[in-house]
Every structure is written in structure tokens, then in C-alpha cells.
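The values are calculated or read from the model by the stated rules, or taken from the named source; none is laboratory data. None of these values were measured; they are calculated from a predicted model. For neighbour counting, all protein chains shown are included, and Cβ atoms are generated from backbone atoms with ideal geometry for every residue, glycine included.
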Amino acid sequence: MEPLIIPGTEICPDVRLDVLNNIFEIKGKSIPPDGKTFYEPILDWLKIYSYNPNQTTNFRFNLEFFNITSSKMLLFILYKLSDIHASGFNVNITWCYGDDDMFEVGEDYAYMINIPFDFIANPEKTDSAA
């Protein structure tokens, strides 16, 4: 399966979905004007991947912030990963966060799906003076 690589911009996240190297990551800012159009190829790719996934999928979310539409699309991605997990494959979610709000969003997502999350604070993004 061909990797899906979408270079990040100021408003769209960097996406790397690579079966061969077992790299699955979405990072950066996600505030595209049309989130559905941006995330559609990612969801299509994951649908095909779900037919023959790696035994273990390590998916990393490292988002600075995102808008409401992106939030919904990220949940769809997590549902697809949950389906893969429910099919008997190992799925590990790493949620990187730079502030309390992003941590809480990750907790909310973890509550909604049946996959354990690993939470990692990004020290360069965390406001330690608060």
C-alpha cells in the first residue's frame, strides 16, 4: 500500500501514513477552511488500510490545536482505528499535548473509543509558568 504523505502548512497538519515503516502521524495545526475535504483522503486511506492492517499500528496525534470540523474528522479517524482494534489487531494511540486544553480533548477522545491512549506532554509547548 502506498504511503499517504500530506505536507503540513500554517493551517493544515502534516500527515504521514506509511504502512511499510509503521509510521502513522498527524501533527501541527488543523484549521483548514474545508476540513471534510482535507480529511477525506485520510479516511479513505484508513478504510483501505483496515482491510489488511499491520499487526500493530502505532498512531501518533501531535496537534497544536484544531477547529470544530477537524475535531469531528479526528473522531472519525479514531473510530476507524477502533474498528481495526476490535478486529483483533493491536492499535496504540499516542496523544501529544502542549497545554491542559489539548490534554482534556485527548481524554475526551479516549473516553469515546475503546483503545488506551498514551499521553505525552510536549515540554516545548507546555506553559510551565501557569
message: Condition first: in contact (Cβ under 8 Å) with a residue 24 or more places away in the chain, farther than 15 Å from residue 70 by Cβ and surrounded by 14 or more Cβ atoms within 10 Å (Cβ to Cβ). Now tell me which residues in the stretch 8-22 satisfy that.
response: 17, 19
task: Starting from the stretch 65-88, keep only residues that are without any contact (Cβ under 8 Å) to a residue 24 or more places away in the chain, then list their pairs with residues that are crowded, with 20+ Cβ neighbours inside 10 Å whose Cβ atoms are within a distance under 9 Å, requiring at least 6 positions of separation or different chains.
output: 68/35
- line: Those residues of the stretch 27-44 which are surrounded by fewer than 18 Cβ atoms within 10 Å (Cβ to Cβ) and in a helix (DSSP H, G or I) amount to 36, 37, 40, 41, 43, 44
- request: Out of the residues in the stretch 6-26 that are outside any loop (DSSP other than H, G, I, E, B) and within 12 Å of the chain's Cα centre (by Cα), state the one that is farthest from residue 75 (Cα to Cα).
  value: 23
- request: Looking for whichever is under 11 Å from the mean Cα position of the chain (by Cα), modelled with pLDDT of 95 or more, surrounded by fewer than 16 Cβ atoms within 10 Å (Cβ to Cβ) and outside any helix (DSSP H, G or I) here; the options are 58, 62. Which one fits?
  value: 58
